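This report refers to the structure that appears directly beneath it.
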Amino acid sequence: MKNYPAFGIILFAFILSSCGGKSSQEGTVQGNLIAEEDTLHASPILYQIALPVDMIQIFEKAGIHYNKDILNPVSKADDYSQSGLAAINLGIYGIDLGYIKLFGDAQAAIKYFNA
């Protein structure tokens, strides 16, 4: 029972000594950690993606016409009930919707949008 006051004094002394004063390294900058020669010089990467207006012209020049048969049927939407398959099908329907919009088939676009 007599050890409790001694333990308290030792603990108090330890806490006071651990607080410490200001460090001399505090707030100083050590300089650049990476030399100029070691850094990579990155150049921007530009991708040339055709605009939808350009795609119409490309399709016309290539003789590509609207073909409903290449689209994923809306009736198959219920077959993709698992989350992974549903995500893939959402991407496919998005591409199909873009294809439909490109050729201006409004009725098919409504069906795909509602699926």
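The values are calculated or read from the model by the stated rules, or taken from the named source; none is laboratory data. All values reported here derive from a predicted model rather than from experimental measurement. Glycine gets a Cβ as well: all are built from the backbone with ideal geometry, and neighbour counts include every protein chain shown.
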**Single residue of region 52-99 satisfying the filter (under 27 Å from the mean Cα position of the chain (by Cα) and of a type in the set (Phe, Trp, Tyr)) that is nearest to TYR112 (Cα to Cα)** = TYR93
**Asked** Which members of region 61-83 meet the condition of being modelled with pLDDT under 85 and more than 22 Å from GLN107 (Cβ to Cβ)?
**Response** ASP79, TYR80, SER81, GLN82, SER83
**Asked** Which pairs do you get when a residue that is within 17 Å of LEU51 (Cα to Cα), found in region 80-105, comes within reach of a residue that is hydroxyl-bearing (Ser, Thr, Tyr), reach meaning Cβ atoms under 6 angstrom, with the pair 6+ apart or on two chains?
**Response** ASP96/TYR112; LEU97/TYR112; PHE103/TYR66
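Yes or no, residue by residue, for (1) assigned to a helix (DSSP H, G or I); (2) of a type in the set (Val, Ile, Thr); (3) surrounded by fewer than 12 Cβ atoms within 10 Å (Cβ to Cβ):
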site: PHE59; (1), (2), (3): yes, no, no
site: TYR66; (1), (2), (3): no, no, no
site: ALA77; (1), (2), (3): yes, no, no
site: GLY84; (1), (2), (3): yes, no, yes
site: ALA87; (1), (2), (3): yes, no, yes
site: GLY91; (1), (2), (3): yes, no, yes
site: TYR99; (1), (2), (3): yes, no, no
site: ALA108; (1), (2), (3): yes, no, no
**Item:** Candidates SER18, SER43, filtered to the one that is modelled with pLDDT of 65 or more and either in contact with a Gly (Cβ under 9 Å, 6 or more places away or on another chain) or part of a helix (DSSP H, G or I) (or both)
**Value:** SER18
